[in-house]
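These notes are about the structure you will find just below.
The values are calculated or read from the model by the stated rules, or taken from the named source; none is laboratory data. No experiment lies behind these values; they were computed from the predicted model shown. Cβ coordinates were reconstructed from backbone atoms using ideal geometry, including for glycine residues, and neighbour counts include every protein chain displayed.
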Amino acid sequence: MHSILDKHIAVSRELIASGKAKGIDLMVWPENSADLDPVTMAAPRDKVTQFVDEELKAPLLFGNKTFRGLDYFNEVDLWLPERGLTDWYDKKRPVPFGEYVPNRPFFMSLAPDMIGLIGWDMSAGTRDGIFNIPGKGQVGSLICFEVTIDDLNYDLVNSGAQAIMIQTNSSDFGKSEQGVQMAA
C-alpha cells in the first residue's frame, strides 16, 4: 500500500518524465498531500528530500499536518532543493466543526457521534504565509476556506505576495457534512 505522499511523488515523476515540468519554477501540491509528516518523520523526509533534490530540482510547496508540542497544525511547507524545509505556514483560521470543535466537552455531551468524527482539534497559526521563492519572488499561501476570509488575502498582498496559492482538499472532513457544504 502506498501513502498519499508516495502517490503525489509518483504523479509528479510522471509529469517530470513527460517533459511538461521542464523549467518549472515551483511545484504546488494540495492541502494534506503529505499524509506522513516529513517534518517529524525520517522516512517521509528522506522521500521528499530525494525527490526535490534529485528529480524536481525546484521548490515544492505542499500541504502537511504536523504536531509541534501538543499543538496540531494544518500547514503548508516550502521544501527547497539542497536546503529542505525552509518555511511553513500554519492555517490561521481552522474551520469550526470541521477542523476543531469549540467548547468540545459541551458539544460532545449533545452529539457525541458527530463530535467524535473530529478526532483532533487543529490549532490556529500565527505565521504570515509569505514564501520567498529563490530568484522568483514572493508567493502567499492560504489553506482551503481561508480563501473566503478577505483580511487574510489582503494581508498577503500587502506583505508583498506576487501570487496567492490556495491549497485545498476536503478529505479531512471524512464522513461529516462539511465536505458536502464545501461543494455547495
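Restricting attention to region 14-64, which residues are acidic (Asp, Glu) and touching a Leu at 6+ places or on another chain (Cβ under 7 Å)? Reasoning before the result, please.
Filtering region 14-64 down to residues acidic (Asp, Glu) leaves 14, 25, 31, 35, 37, 46, 53-55.
Correct list: ASP35 only.
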Inset, instruction - Go through region 100-132 and give me each residue that's within 25 Å of LEU156 (Cα to Cα) and β-branched (Val, Ile, Thr). - result: THR126, ILE130
Legend entry - Number of the condition not met by LEU85 [criteria: (1) part of a strand (DSSP E or B); (2) more than 21 Å from ASP37 (Cα to Cα); (3) of a type outside the set (Lys, Arg)]: (2)
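Please determine, by comparing only the residues of region 126-140 that are among the β-branched types (Val, Ile, Thr) and touching a residue at least 60 places away in the same chain (Cβ under 8 Å), which one is surrounded by the most Cβ atoms within 10 Å (Cβ to Cβ). Can you show your working first?
So the first thing to find is which residues in region 126-140 are among the β-branched types (Val, Ile, Thr), and the list is 126, 130, 133, 139.
Cutting the leftovers down to touching a residue at least 60 places away in the same chain (Cβ under 8 Å) gives us 133, 139.
Working: ILE133: 17, VAL139: 24.
Only one residue fits best here, namely VAL139.
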Legend entry - Which numbered condition VAL11 misses (of (1) farther than 30 Å from TRP120 by Cα; (2) in a helix (DSSP H, G or I)): (1)
Legend entry - Unmet requirement for VAL76, which otherwise passes all of (1) modelled with pLDDT of 95 or more; (2) among the β-branched types (Val, Ile, Thr); (3) farther than 20 Å from SER141 by Cα; (4) surrounded by 15 or more Cβ atoms within 10 Å (Cβ to Cβ): (3)
